[in-house]
Amino acid sequence: MVKKNKPISKQSSKGAKEKEETKSPSHETIRRELIISEEQKQEMEKEIPSMRVITPSAIAKKYGVRVSIAKAVLTELEMKGLIHRVSSKGKFKLYSKPAA
């Protein structure tokens, strides 16, 4: 049995193009700051100790800075005694405000 090729109608090829366009996921790039100002640093020192969950990723998301900058700020706050490290497993670090 030999099957003959049927010509593709214009509607089916048009529908195929529309499906291809909707399949591609859109990815937005987020630009984060590399340098923080002194004002922003002071604001972080006031607000971070009162946060419920203190992780580098939470700080980076809230203030729009890179995670490496957030880690540096959290380390500095830990040295000052404003926060303390609760857990540190692998690369994950969880901080909390110090007990009164």
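The values are calculated or read from the model by the stated rules, or taken from the named source; none is laboratory data. Small disclaimer: the values here were computed from a predicted structure and weren't measured. Backbone-built Cβ (ideal geometry, glycine too); neighbour counts: all protein chains shown.
Looking only at segment 36-57, which residues are of a type in the set (A, V, I, L, M) and either in contact with a helix residue (DSSP H, G or I) (Cβ under 8 Å, 6 or more places away or on another chain) or modelled with pLDDT under 70 (or both)?
36, 44, 48, 51, 54
So residue 81 clears everything in (1) at pLDDT below 90; (2) on the phi > 0 side of the Ramachandran plot except one condition, right? Which one?
(1)
Any idea which of (1) over 16 Å from the mean Cα position of the chain (by Cα); (2) under 14 Å from residue 50 (Cα atoms) is the one residue 76 doesn't satisfy?
Failed condition: (2).
For segment 82-97, enumerate the residues that are free of Cβ contacts under 8 Å to residues at least 40 places away in the same chain, farther than 15 Å from residue 50 by Cβ and of a type outside the set (Val, Ile, Thr).
Within segment 82-97, 85, 87, 88, 89, 90, 91, 92, 93 meet the criteria.
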